[in-house]
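Contents: one structure, followed by commentary.
The values are calculated or read from the model by the stated rules, or taken from the named source; none is laboratory data. Just so we're clear, the structure is a prediction, and the values are computed from it rather than from any experiment. Ideal geometry is used to build each Cβ from the backbone, glycine not excepted, and the neighbour counts take in all protein chains shown.
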Amino acid sequence: MAVIEKFLGQRVEIPEDRNYHAKQGLWAKTEGDAMVFGFTQPALVLAGGVNDLDWLVDENSSVRQGQDVVFVITGKIQYIDTPLQGIISFNPEIKRNLSLALEDPYGKGWLFSIVPDTEMAAAGRDSVDAQNYEEFLKGSEGFKNPEGLKGGVSGICKAVYSGIREQKI
């Protein structure tokens, strides 16, 4: 397991037994004839957690690659699309208990699974391994601000936060 000790002020893990869809912050793991997907711990830290989510398609429906299937409210609004085509199933527990995403992101906090229409090897070709996902994260705010300082590390953010702090309202 890859561990980043200081990622936006937190310790995050990246299991090596799965693949990653870096841009969406999803992990993928084969379980039987299905590919299971969930949020990575670094993605959850960057997003500030999950405040709400909803499914955009019906359970056991056929989805195409790139189709939006989950609507998520974090610090912003996100649409999660499917990395592959097939029949989708959702984790009913995650909607009842959103904290599972943070408490157990690589276990009970999974989002959805897909039984792909293609071979499993073809289904995972757009993903990266743990080492390449960690490399991808090096360009993120989590690495640029390892201590998790308020206002981030950019000069503009610091100026805005400093200006707000000095205002007399």
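Observations on the structure shown:
- Total residues in segment 115-140, condition β-branched (Val, Ile, Thr), at pLDDT 80 or above and within 18 Å of Asp33 (Cα to Cα): 1
- Single residue of segment 1-36 satisfying the filter (under 15 Å from the mean Cα position of the chain (by Cα) and of a type in the set (D, E, K, R)) that is surrounded by the fewest Cβ atoms within 10 Å (Cβ to Cβ): Lys23
- Scanning segment 52-76 for residues that are in a loop (DSSP other than H, G, I, E, B), without any contact (Cβ under 8 Å) to a residue 24 or more places away in the chain and under 15 Å from the mean Cα position of the chain (by Cα) yields a total of 0.
- Top-ranked residue in segment 83-93 [being under 17 Å from the mean Cα position of the chain (by Cα) and modelled with pLDDT under 95; ranked as nearest to Pro15 (Cα to Cα)]: Pro83
- Pairing each residue of segment 21-32 that is on the phi < 0 side of the Ramachandran plot with any residue that is polar (S, T, N, Q) and in a helix (DSSP H, G or I), provided the two are 6+ apart or on different chains, yields C-beta distances under 8 Å for Ala22/Asn132.
- Test: residue in segment 144-152 that is under 23 Å from Tyr20 (Cβ atoms), at pLDDT 95 or above, out of contact with any helix residue (DSSP H, G or I) (no Cβ under 8 Å at 6 or more places or on another chain) and not acidic (Asp, Glu): no
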